[in-house]
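Each remark here refers to the structure printed beneath this line.
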Amino acid sequence: MNLEHLRVDIGRLMDRIDDLAELGAIGGNGVCRLALTPEDKAGRDRVLDWMRALGLSIRIDGMGNVVGVRPGRTPGPPVMTGSHIDTVRTGGRYDGNLGVLAGLEVIQVLDEAGIETEHPLAVAFFTNEEGARFAPDMMGSLVFVGGMDLDVAHEVVGIDGRRVGECLTEIGYLGEAACGQYPVRCFVELHVEQGPVLEAESITIGAVERVQGISWSEYTIRGFSNHAGTTPMRLRKDAGYAAAAVACEVRRLAARMGGDQVGTVGALNLKPNLVNVVPNEAVLTVDFRNTDEALLRAAEAQLSAFLDTLSAQEGVEISSRRLARFEPVPFHETVIAGVERTARDLGYSVRRMPSGAGHDAQMLARICPAGMIFVPSAGGISHNVKEYTSPDDIEAGANVLLHMLTELAEA
Ligand code: HGY
Ligand code: MN
Ligand code: MN
């Protein structure tokens, strides 16, 4: 059968994207579905409804990862696509969601065309990809591939003091299936770029070569609370000042290193957080990324040396807790080249590129050939309610996914 003319139904795909975005909707077209919240449950239930309507057989594991499988002529490990449906607190409707819903669209197109594939096809969504509530990010897919022990993951305490395991139970997604033992033939994830490159170069498709390294740490700075008016500057142990100094050093360090180095202080809480009290405690996070592992380690070492000096200078105690640490991950050349070739065959412009964000595909790469398809983000914006990708670009990315999955499932 000639599959060349197969195309997704972009109207149906956009309807699902908009439908899912209603669950946890916030102002400005945004979405807040933090992992394992009631909003996340509502989103999960909705996607499961669609999976069941498509006749997929459903597998839910102890981490709440969900896999919907469409049988092939030959039983065995599936060709898999998917992503995540949890979001950051101020998320957009495309980050993660696009990859899952485009996967369902591929299934529906093949069903409507009466096409059976040699190998099974699977669409997955992984728990807690964002890591915004429970660190690390990509936690679900990391447990799925056996990279993190399930019991350890269940005991992780979130930013609100809740545990992963109890929240999974609460939303009814602590599944029976085992983690770390599910064979996958290959994995291709469609995702918005979340950066400015494709739009700036007017290119439609990104063939993602690798994901950069990620280093997340939480620092607790303990000083001494005192009266803001009566305490001479020379006698202060000001945790608030120390935290601000760290944030400035993270910026300076990234600028000094240049290249792909980025650094972010995204969360910062002071205690007692009052106008007339010198803070005695600051808790802040540092997110470092670099495509080069040696440079990422150099950034970590430079910050550590700065903290030692700061602690001595300011008379504050600084303790740290590792939240996430992943080295750069290369994707499989067969998949990268497949994205390039498929995009060109379909008449789309395409370029190879790294990913600045972390993705579930980087965890699946531990157990099978994996890769990603990027589509442009308007203004390079993401993790912001203004996140937007045009239907034309979504259609292009989903068509590349359709043809890649179909080809890989016949190989
Ligand atoms: O932080 C990240 O790179 C991803 O959004 N989890
Ligand atoms: Mn994502
Ligand atoms: Mn994200």
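The values are calculated or read from the model by the stated rules, or taken from the named source; none is laboratory data. Fair warning: this is a prediction, and the values are worked out from it, not measured in the lab. Reconstructed Cβ throughout: ideal geometry from the backbone, glycine too, with neighbour counts over all protein chains shown. All accessible areas refer to the heavy atoms of the entire protein, side chains included, with ligands and DNA or RNA removed. Shrake-Rupley method; radii C 1.70, N 1.55, O 1.52, S 1.80 Å.
A single entry from Thr87, Thr74, Thr117, Thr81 fulfils the requirement of being at pLDDT 95 or above, touching a Lys or Arg at 6+ places or on another chain (Cβ under 6 Å) and at negative phi: Thr87. Only residues that are assigned to a helix (DSSP H, G or I) and out of contact with any helix residue (DSSP H, G or I) (no Cβ under 9 Å at 6 or more places or on another chain) were counted across the stretch 226-251, and they come to 9. For the stretch 96-106, a residue qualifies if it is touching a strand residue (DSSP E or B) at 6+ places or on another chain (Cβ under 8 Å) and surrounded by 24 or more Cβ atoms within 10 Å (Cβ to Cβ), and the qualifying residues are Gly96, Asn97, Leu98, Gly99, Val100, Ala102, Gly103, Val106.
Rundown of residues vs (1) of a type in the set (D, E, K, R); (2) without any contact (Cβ under 8 Å) to a residue 24 or more places away in the chain; (3) open to solvent by less than 10 Å² (accessible area, probe 1.4 Å); (4) more than 16 Å from ligand 2 (Cβ to nearest atom), yes/no style:
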| position | (1), (2), (3), (4) |
| --- | --- |
| Arg16 | yes, no, no, yes |
| Leu20 | no, no, yes, no |
| Asn29 | no, no, no, yes |
| Thr37 | no, no, no, yes |
| Met51 | no, no, yes, yes |
| Gly62 | no, no, yes, yes |
| Arg70 | yes, no, no, yes |
| Arg89 | yes, no, no, no |
| Tyr94 | no, no, no, no |
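When Pro71 is tested against the conditions (1) more than 16 Å from ligand 1 (Cβ to nearest atom); (2) in contact with a Leu (Cβ under 8 Å, 6 or more places away or on another chain), the lone failure is (2). Of the candidates Gly165, Gly146, Gly161, Gly175, the single residue that is without any contact (Cβ under 8 Å) to a residue 40 or more places away in the chain, in a loop (DSSP other than H, G, I, E, B), surrounded by fewer than 20 Cβ atoms within 10 Å (Cβ to Cβ) and more than 16 Å from ligand 1 (Cβ to nearest atom) is Gly161.
Among the residues of the stretch 269-316, the ones that are touching a Gly at 6+ places or on another chain (Cβ under 8 Å), in a strand (DSSP E or B) and open to solvent by 40 Å² or more (accessible area, probe 1.4 Å) come to 1 in all. Within the stretch 389-411, the set of residues being more than 15 Å from ligand 2 (Cβ to nearest atom) and not in a helix (DSSP H, G or I) comprises Ser390, Ala411.
Here are some residues: Val335, Val250. Which one is within 28 Å of the chain's Cα centre (by Cα) and assigned by TED's automatic domain parsing to the domain that holds Cys368?
Val335
Filtered by the rule that a residue be open to solvent by 40 Å² or more (accessible area, probe 1.4 Å), modelled with pLDDT of 95 or more and outside any helix (DSSP H, G or I), the stretch 1-14 gives Arg7, Asp9.
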